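Below is one structure; the comments refer to it alone.
Please treat every number below as a calculation from the coordinates, not as lab data. Here the structure is a predicted model, which is why all the values come from computation and not from measurement. In this analysis, Cβ positions are derived from the backbone assuming ideal geometry, glycine residues included, and neighbour counts consider all displayed protein chains.
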Amino acid sequence: MSKQYNVAIMGATGAVGEIMRDILEERKFPVKDIKFLASERSKGKKMKYQGRDVEIEVLSPDSFKGVDIVLASAGASVSKEYVKHILDAKALIIDNSSAFRMDDDVPLVVPEVNPEDIRLNKGIIANPNCSTIIMLVPIKPIHDKAKIKRIVVSTYQATSGAGAKGMMELEQQAKDWAAGKEPKVEKFAYQILFNLIPHIDVFYEDGYTKEEMKMVNETRKIMHAPDMQITATTVRVPCLRSHSESVNIETEKKLTAKEVRELLEKAQGVTVQDDIHNKKYPMPLFVSGKDDVYVGRIREDFSIDKGINLWVVGDQLRKGAALNAVQIAEVVAKEGLK
């Protein structure tokens, strides 16, 4: 990475945008100059980068002149509005929204899974849904070894997946309950404190939600497995940060739990935490702030001949969003693709 890059973070003041800034600094990405782009509300404010104050700029069509890489985390509508200006400026956009994920000519990338697809970009690379990323990092080595036929996944998604307002609502409801007040419900369909809500994003006519179908369709695209059988149930839980997933996998080739454990212990971006005798298994409280995806409760599914169960936990703000985008940028820089 001898070349240095002019980088812009679009949506810099959001939760993911701020973590993108932190990760660029932590991982020493070769930044020549950095721009923090946000809405009019942030005009005149400053953000720290490498010990210096950088003034936040108001996002406009002219924001991308001289920029090499745009890390976008401002929402699908904003990405769609500004993508033409980004491409006209000859910048590469790594987009964290759902805007371009299923476009045929846009690579959808998890660097531990399909880094080769980055070379196919035409100026846009899409970052997958957080729950998809967290699931795919540990199942790719299993797929490479034994070919996955079917996945049944249930997610337990933290309130931070609904943004800062989701986290604040959980915290406020806890305060209200402690004070003897009726918890106020605004962000979610129901009270999230002491509750689970089996409903993330909008429902389709067949009863599945948009969030569930993201996991199905994005997994097939990233894994280049259009016929892989996948079903998902996504649930909002009263955790502040980090998503958990119960993943059941059926493979073509038989793998023992021991073989899966050994595979995952060698896998990039995975930490195995699977010591049931000492009650060691991944939990969101302890995985928050970590970059790896943590895997435990590895066991064979006795109900089918070639099945494995996994319990997977990952910080969806880091690996599920900001880190994955920066890792894509690192591949771009390493291979001189920009």
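Observations
- Whichever aspartates and glutamates have a C-alpha closer than 17 Å to that of K184, once near sequence neighbours (fewer than 8 apart) are set aside: E169, E171, D176
- Long-range amide H partners of N6 with built H, under 5 Å: K32, D33, D68, I69
- Of the GluC sites (Glu not before Pro) found in the range 244-323, those in coil by DSSP whose Cβ has at most 12 other Cβ atoms within 10 Å are E252.
- 5 angstrom amide H check on D301, placed H, neighbours 5+ away: G307, I308, N309
- Positive-end residue of V31, S60, N114, charge dipole of the range 1-156 with Cβ unit charges: N114
- Counted as membrane-span-like here are DSSP H helices of the chain whose alpha-carbon atoms extend 15 Å or more along the helix's own axis and whose Kyte-Doolittle mean is 0.5 or above; these are 130-146, 323-334.
- Virtual spin-label span in nm between K45 and K253, 7 Å along Cα→Cβ: 5.2
- Along the chain, longest interval not containing exposed chymotrypsin sites (Phe, Trp or Tyr not before Pro), exposed being DSSP loop plus at most 12 other Cβ atoms within 10 Å: 1-189
- Exceeding the 27 Å Cα-Cα cut-off - candidates K210/K338; K28/K266; K28/K319; K214/K319: K210/K338
- Low-density loop positions, GluC sites (Glu not before Pro), the range 1-73 - DSSP coil, at most 13 other Cβ in 10 Å: none
- Using C-alpha pairs under 8 Å with a sequence gap of at least 6, the mean separation divided by the residue count of the range 205-338 gives a relative contact order of 24 percent.
- Listed peptides 134-141, 268-275 by packing density, highest first (mean Cβ within 10 Å): 134-141, 268-275
- Non-local Lys pairs in the range 73-168, i.e. 8 or more apart or on different chains, that have alpha carbons under 29 Å apart: 7
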